[in-house]
Amino acid sequence: MSRSQLARAGLDPAVAASVAGLRQHTPGDASDGCTVLHVDMDAFYASVSLLERPDLRGKPVIVGGGSSRGVVLSATYEARRSGVHSAMSMSRARRMCPDAVVLPPDPDRYAAVSAAVVALFTSVTPVVEQLGMDEAFLDVSGAVRRSGSPLQIATDLRDRVADEQGVTCSVGLATTKAVAKLASGRAKPDGALVVPADQVVPFLHPLPTSALWGVGEKTEQALARLGLHTVGQVAHTPSATLRRALGDALGASLHELAWGRDPRPVVPSAAVAERSTGAQETFAVDVDDPEVVLREVLRMSERVARHLRRDGHVGRTVVLVVRFADFTTVTRSRTLREATDSGRDVYAAAAALWTAMGLQRARIRLVGVRVEGLVDAERVPRQLRLDEPERGWREADRAVDAAVRRFGSGVVAPASLLLPRPGGQGRPPTGGVP
């Protein structure tokens, strides 16, 4: 893809120049050492849905609930050019792309294709960290002697996915997870992009700050108040300045990531599952009242936090899972500045994720909250604040835990959780702490 084509695809000119340069001047053997691959399926749910409707290829297609109160699960690139994106209300998507064909979701087919793709990955390397149905990290350092250079491995994987499953994927290759994930996004659709170690800084620095792992809307705004709009500007800002503005953990992390330094290894999915905990609730009847949904989010947040404290863990990544009446499921996550075991912190992040989805009155079947990236609480230093009282929420949480152990669950709870659930008590939770 040429620089002009990249620019027409919507990339910033500086970013387009960086990506185009990498594509044009990266020879095959330049992938040596770039053994971290991020594989991202191209419009996965829409692409799988089109396997049964090849006549719709090249046309705007939306996958999601057919009613006006449904939501978009996925959309083809032709529909995305009109502004359609996942989690958007179907009524708005139809207004933005009136010519689009709407197809119902097929969860069983998605799961089958995803499982087949992951099986293909594990046939190449056992070190596969699956992030969802449509993306995964691979560490191919142990496979290069048998299967060729990382770029050759990526090319073979892309060809086999297309031949065996009829869908395409894009691959980013780098020395770290953070850079590999950014590279796959800029290789889309149906491409591969290698970012060698000596090209990491030129690749990263023109990007917007939102490209950095851990930068959400609020952090992006905080960086903008410092006059920082690109990754390069973050990199050239003293780490101490970033820590003062964003907190020690996040400030130091962003400074490292801005220079392409990311120590996180690729962790096989089985191990990842062991380092997370969550809870979810299926409503007895579908609900469309945001207050009711947020009450359940609060209930799940408190339950998950109690589980964390019981096991002596803290975590930084909060995940919100929402399943709609048509069984479409959307997952969103947010990484906190500091690891936590507080229900208050978990709920604040989960509620913010809900609000950012802008679902209005969509009908909800299930809601879940999960905390990932767990570590032992004793290994994480606690950040004190100047205005923090001697005793606060931390002590309150532990007092509640003691009361629950002595008198049973439900003896102490936030006042809003005393309200009745829709449709009665609903079904028992399907995960988390009993």
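The values are calculated or read from the model by the stated rules, or taken from the named source; none is laboratory data. Remember, predicted model here, so these are calculated numbers, not experimental data. Heads up, the Cβs are rebuilt from the backbone with ideal geometry, glycines too, and the neighbour counts pull from every protein chain shown. Only protein heavy atoms, including side chains, enter the accessible area calculation; ligands, DNA and RNA are left aside. Shrake-Rupley method; radii C 1.70, N 1.55, O 1.52, S 1.80 Å.
Is it the case that some residue within the range 128-137 is in contact with a Phe, Trp or Tyr (Cβ under 9 Å, 6 or more places away or on another chain) and of a type in the set (V, I, T)?
Checked against the condition, which is being in contact with a Phe, Trp or Tyr (Cβ under 9 Å, 6 or more places away or on another chain) and of a type in the set (V, I, T), the range 128-137 yields at least one hit.
Looking at (1) of a type in the set (S, T, N, Q); (2) surrounded by 15 or more Cβ atoms within 10 Å (Cβ to Cβ); (3) touching an Asp or Glu at 6+ places or on another chain (Cβ under 9 Å), find the lone condition where Q165 falls short.
(3)
Among the residues that make up the range 310-330, is at least one of them at pLDDT 85 or above, among the hydroxyl-bearing types (S, T, Y) and open to solvent by less than 10 Å² (accessible area, probe 1.4 Å)?
no
Residue under question is A270, and the condition is that it be open to solvent by 70 Å² or more (accessible area, probe 1.4 Å) and within 26 Å of V330 (Cα to Cα); does it hold?
When the stated conditions are applied, A270 passes them.
Please specify each residue of the range 195-207 satisfying the condition of being open to solvent by less than 10 Å² (accessible area, probe 1.4 Å) and not in a helix (DSSP H, G or I).
Matches in the range 195-207: V195, L207.
Any idea which of D262, D248 is open to solvent by 50 Å² or more (accessible area, probe 1.4 Å), among the charged types (D, E, K, R), within 22 Å of T176 (Cβ to Cβ) and touching an Asp or Glu at 6+ places or on another chain (Cβ under 9 Å)?
Residue meeting the stated conditions: D248.
So which residues in the range 24-40 are buried (at least 16 other Cβ atoms within 10 Å of the Cβ) and either modelled with pLDDT under 85 or out of contact with any Pro (no Cβ under 9 Å at 6 or more places or on another chain) (or both), if there are any at all?
The answer is T26, A30, S31, H38, V39, D40.
Matching residues to (1) open to solvent by less than 40 Å² (accessible area, probe 1.4 Å); (2) in contact with a Ser or Thr (Cβ under 6 Å, 6 or more places away or on another chain); (3) over 24 Å from Y45 (Cα atoms); (4) modelled with pLDDT of 95 or more:
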{"residue": "G148", "(1), (2), (3), (4)": "yes, no, yes, no"}
{"residue": "L157", "(1), (2), (3), (4)": "yes, no, no, yes"}
{"residue": "V161", "(1), (2), (3), (4)": "yes, no, no, yes"}
{"residue": "S170", "(1), (2), (3), (4)": "yes, yes, no, yes"}
{"residue": "V215", "(1), (2), (3), (4)": "yes, yes, yes, no"}
{"residue": "T219", "(1), (2), (3), (4)": "yes, no, yes, no"}
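Name the strands (runs of 3 or more DSSP E) wholly within the range 45-137 that hold at least 1 residues that are under 22 Å from R160 (Cβ atoms)?
Answer list for the range 45-137: 128-132.
Kindly establish whether P238 is open to solvent by 20 Å² or more (accessible area, probe 1.4 Å) and either at pLDDT 95 or above or more than 16 Å from H255 (Cβ to Cβ) (or both).
Against the criterion (open to solvent by 20 Å² or more (accessible area, probe 1.4 Å) and either at pLDDT 95 or above or more than 16 Å from H255 (Cβ to Cβ) (or both)), P238 qualifies.
What number of residues within the range 273-292 satisfy the criterion of being more than 18 Å from A339 (Cα to Cα) and open to solvent by 30 Å² or more (accessible area, probe 1.4 Å)?
Of the residues in the range 273-292, 8 are more than 18 Å from A339 (Cα to Cα) and open to solvent by 30 Å² or more (accessible area, probe 1.4 Å).
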